[in-house]
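This report concerns only the one structure given below.
The values are calculated or read from the model by the stated rules, or taken from the named source; none is laboratory data. What you are looking at is a predicted structure, and each value in this text was computed from that prediction instead of being measured. Glycine gets a Cβ as well: all are built from the backbone with ideal geometry, and neighbour counts include every protein chain shown. Note: accessible area is taken over every heavy atom of the protein model, side chains too, but ligands, DNA and RNA are not part of it. Shrake-Rupley method; radii C 1.70, N 1.55, O 1.52, S 1.80 Å.
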Amino acid sequence: MPISDPDKLISKADKLTKLSLTRWSADWRNATLLYEEAANLFRVAKKNEKAKEAFEKASKGQEMLSSPWDAAKHMESAAALAKELGYWNEVTDFYRRASELYMECGRPQPASDALAKGASALEDAMPEAAVQLYNDASAILEEDGKEQMAFDLYRAATSVYIKLEKYSDAASSLLQLGLAADKCNATNSQCKAYLGAIIIYLYAHDFKQAEKCYNDCSQVDAFLRSDQNRCASKLLSAYTEGDIEEIKRVVQSSTVSNLDHVVIKLARKLPTGDVSALKTDAGKEEEEPLDENDLT
């Protein structure tokens, strides 16, 4: 008669993996089957702590049986249960381990997906760890030549950086998206990312960096000829002229409305700083060369 008590199944499996005077080699095949059965029974019974531990053991068993794919699947199950339990460090560790196991199988897509699942689970509890997971997930896809599949990961990282008020990192994340888009000729995504980065710098009161970003991005022909470039140019001109009404008009344009939601929210709050100071600075820069040539 089969055992239906998951605790007894675990106990029996543990005995199969321990060496003794009568057992000279571990029976990982049968032990792993028992761990898997127990894990599922615990999960159905909503005994998440025990289910998590059983899936960890099942994952270890599949590793011992040289089956990294199944080991990764069980590790993801353990990670999902750790999330339910609020064990955030384990969420990070388990999804990372699942990703490593998928890479052992030569499967970068699920390896990246595992990190992305971990990042999504950690956004509120451990945002710093979440962005690192998003960035690592993007790197796996880019190394595999699948840049287009990384776009949403860069957007997600940007969103978390904005929540953390790390605006320079948020802008950098969008610039990385732009670079990835350039590699796969996704011109629209590229131009939107560049405009988004410029808006983030303006929101952070860093006009000089916004201007530098605009000039650098304008070296890219696709951006130079785009609606996003014209929008950025109007926005920077309005800042230089200290024209608050024009800034407010530009950020309500359809070009801005088509950007990512988190960027639109920042754009609609512009201007955030004292733009009259920029006008004064711009005026001084124009006057100085005239003063030097004044012979009267």
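Any chance you could count how many residues in region 199-254 are surrounded by fewer than 22 Cβ atoms within 10 Å (Cβ to Cβ), farther than 16 Å from residue 175 by Cβ and aromatic (Phe, Trp, Tyr)?
Number satisfying all stated conditions: 1.
State all residues of region 126-143 that are within 17 Å of residue 166 (Cα to Cα) and open to solvent by 10 Å² or more (accessible area, probe 1.4 Å); if no residue qualifies, say none. If you could, list the steps in order and put the result at the bottom.
Within region 126-143, the subset within 17 Å of residue 166 (Cα to Cα) is 126-135.
Those that are within 17 Å of residue 166 (Cα to Cα) and open to solvent by 10 Å² or more (accessible area, probe 1.4 Å): 126, 127, 128, 129, 132, 134, 135.
Can you confirm whether region 94-106 contains a residue that is basic (Lys, Arg), farther than 12 Å from residue 76 by Cβ and open to solvent by 20 Å² or more (accessible area, probe 1.4 Å)? Break it down stepwise before answering.
Restricting attention to region 94-106, the residues satisfying the condition of being basic (Lys, Arg) are 96-97.
Next cut, farther than 12 Å from residue 76 by Cβ only: none.
Looking for residues that are basic (Lys, Arg), farther than 12 Å from residue 76 by Cβ and open to solvent by 20 Å² or more (accessible area, probe 1.4 Å), one finds none in region 94-106, hence no.
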